Structures are given as structure tokens and as C-alpha cells.
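Take a look at the structure set out below.
The values are calculated or read from the model by the stated rules, or taken from the named source; none is laboratory data. Bear in mind that the values here come from a model prediction, so they are computed numbers and not experimental data. Please note: Cβ atoms are built from the backbone with ideal geometry, for glycine as well, and neighbour counts cover all protein chains shown. Quick note on the areas: whole protein, heavy atoms, side chains included, nothing else; ligands and nucleic acids left out. Shrake-Rupley method; radii C 1.70, N 1.55, O 1.52, S 1.80 Å.
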Amino acid sequence: LAGHYGLALAAAGHVEAGRQRCAEAVRIMRELGDAYMLSCMLNFKANILLREPGNQAAAARAVQESLELSAGAGDWPTLIETLLSAAEVAVAFDDALLAARLASSALELCEIEDIPIHPRMGSAVDRLRETIHPHQVSREVSDHEATLDRIIAHTLDCLSQWVQDADGAGGSLSERDRGPSPSERFETGAVHHQGASHPDGDPRNRGSRT
């Protein structure tokens, strides 16, 4: 409950109080060893961090850990929320290409796995559509040549690179200092992270749901 309350506080404008509540929730879930709830709380933490400038690297760290936890668990709703969180981090790092790919993949997973888009997911999609060209965020434009595993692997590489770059620049990066975006490097095939395996395989390769 602390994480949900923290998110509500931040949405009401009490960002610092919300951040503290969410940090408490993350700590509790770590102590309990609850990977599912820890992943959720890390997504909440990233959402709150992105409400104030200068927190992109910390948000990227939170989503990186959340994605590592949720990618191989077969828990599609949590993975979908994490993909949307990662998309919002990508927007914060000016990588619209990756943000569009992640948001579109999340929407496609909702359809394939017959998962309703609940209000928190819908709010994230709306925020992304306000930032990215609306036509770039739909399941029809998701990259069918890239498997979900490859997209996750690339996203983990991006998150890791952004954290490293921000740490090296004292926590913030100008557009000039960033150089090519991770997605631009991805287009050349420079993907190094092996990604997580999915017990049921990539749902985007399974055809229609049975």
C-alpha cells in the first residue's frame, strides 16, 4: 500500500512525500523477497522520479531492475507496465524511436494475451502519445522482425548505457554530449545483452492466442 499511496501523493503534487513512501515500499519488498511486488514498486519509483528534472538516471536504474525481474517471470501484466515505464524513461532520454517501439509492443502484448488496459496503463499510453507522434504508438507499427526478447535485451542495454553516461557526466547529459542514441546503435545491430528467456516463448511468435 505504501507504493500506491506514494504514487497517489506524487500525482497530487506531493512529489517528495510520494518518493519517500515509494522508497519505503521498495525496501520492504526487497526484505520480503517478493520479486513481483518489487518490480511493481520499482515502476512506481521511476514514475515518481520522472516528475522532477535531473532524475533520469535514477529512473533508468529502477526500470532496469524491474525489467530484469519481470522479463523472465511470465507475468505479462507486470512486464507490460515495465515496458511502458521503460518507454517513459526513453522519452526522458530523447529516444523517441525506442519509446515508440516499447509502447507499441506493450499494446500488442495486451491484445495477444487478452489483458485489459487498466487506468494506470492507459495514463502511461496517453502521456507517451502526447510526447511522441500519435501514429508511432499503436500495435500496428510495432517491429514484427524484432522478437520480444531482442527488444527487452536492447532496452536493458539502453538503460544501462544511459545510467553509465549520466554517471560519467555528473548525473545529467546535454544533447551534444549524448552522441548517437542507443536506438541508433541498435539499428546497426550493436546489441550485446543476451536478454531474458521466456518460459512460454515470445508470445509475438505464437500466432493467435489459444
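Just to be sure I understand the filter: pairs with C-beta atoms under 8 Å, separated by 6 or more residues or on different chains, first member in the stretch 111-129 and over 14 Å from THR82 (Cα atoms) and touching a residue at least 60 places away in the same chain (Cβ under 8 Å), second member open to solvent by less than 30 Å² (accessible area, probe 1.4 Å) and in a helix (DSSP H, G or I). Which pairs pass?
What qualifies is ILE112/PRO203; GLU113/TRP76; GLU113/PRO203.
Just need a number here: residues in the stretch 108-125 that are open to solvent by 30 Å² or more (accessible area, probe 1.4 Å) and within 15 Å of the chain's Cα centre (by Cα).
2
Test ARG139 against the criterion of being at pLDDT below 90, surrounded by 15 or more Cβ atoms within 10 Å (Cβ to Cβ), farther than 19 Å from LEU42 by Cα and over 16 Å from the mean Cα position of the chain (by Cα), and give yes or no.
Values: at pLDDT below 90: yes; surrounded by 15 or more Cβ atoms within 10 Å (Cβ to Cβ): yes; farther than 19 Å from LEU42 by Cα: yes; over 16 Å from the mean Cα position of the chain (by Cα): yes.
Considered against the rule, which asks whether it is at pLDDT below 90, surrounded by 15 or more Cβ atoms within 10 Å (Cβ to Cβ), farther than 19 Å from LEU42 by Cα and over 16 Å from the mean Cα position of the chain (by Cα), ARG139 comes out as yes.
Which numbered condition in (1) modelled with pLDDT of 80 or more; (2) surrounded by fewer than 17 Cβ atoms within 10 Å (Cβ to Cβ); (3) on the phi < 0 side of the Ramachandran plot is the only one that LEU102 fails?
Here LEU102 clears every test but (2).
Taking the stretch 5-29 as the region of interest, how many residues are aliphatic (A, V, I, L, M) and more than 14 Å from CYS40 (Cα to Cα)? Outline the logic, then answer.
As a first pass, look at the stretch 5-29 and keep what is aliphatic (A, V, I, L, M): 7-12, 15, 17, 23, 25-26, 28-29.
Now restrict to residues that are more than 14 Å from CYS40 (Cα to Cα): 8-12, 15, 17.
Residues that pass the stated criteria total 7.
Output yes when any residue across the stretch 142-165 is part of a helix (DSSP H, G or I), buried (at least 16 other Cβ atoms within 10 Å of the Cβ) and modelled with pLDDT under 75, and no when none is.
No, because not a single residue in the stretch 142-165 is part of a helix (DSSP H, G or I), buried (at least 16 other Cβ atoms within 10 Å of the Cβ) and modelled with pLDDT under 75.
Only residues that are open to solvent by 20 Å² or more (accessible area, probe 1.4 Å) and closer than 17 Å to ALA8 by Cβ: list them for the stretch 41-70, please.
Residues of the stretch 41-70 open to solvent by 20 Å² or more (accessible area, probe 1.4 Å): 45, 47, 50-56, 58, 61, 64-65, 68-69.
Correct list: LYS45, ASN47, LEU50, ARG51, GLU52.
What tally of residues in the stretch 1-28 results from selecting those that are outside any helix (DSSP H, G or I) and surrounded by fewer than 14 Cβ atoms within 10 Å (Cβ to Cβ)? Walk me through it before giving the result.
Filtering the stretch 1-28 for residues outside any helix (DSSP H, G or I) gives 1, 12-14.
Still in the list and also surrounded by fewer than 14 Cβ atoms within 10 Å (Cβ to Cβ): 1, 12-13.
Number of matching residues: 3.
I need every pair where a residue in the stretch 152-163 that is closer than 16 Å to ALA103 by Cα has its Cβ under 8 Å from the Cβ of a residue that is of a type in the set (D, E, K, R), sequence separation at least 6 or different chains.
Qualifying pairs under 8 Å: LEU156/GLU68; CYS158/ASP95; LEU159/ARG61.
With the checklist (1) of a type outside the set (Phe, Trp, Tyr); (2) under 21 Å from the mean Cα position of the chain (by Cα); (3) at pLDDT 90 or above in hand, flag the one item ALA12 doesn't pass.
Only one criterion in (1) of a type outside the set (Phe, Trp, Tyr); (2) under 21 Å from the mean Cα position of the chain (by Cα); (3) at pLDDT 90 or above is unmet by ALA12, namely (2).
When you check THR131 against the structure, is it among the polar types (S, T, N, Q) and open to solvent by 50 Å² or more (accessible area, probe 1.4 Å), yes or no? It would help to see each step written out before you state the result.
On the way: among the polar types (S, T, N, Q): yes; open to solvent by 50 Å² or more (accessible area, probe 1.4 Å): yes.
Yes, satisfied.
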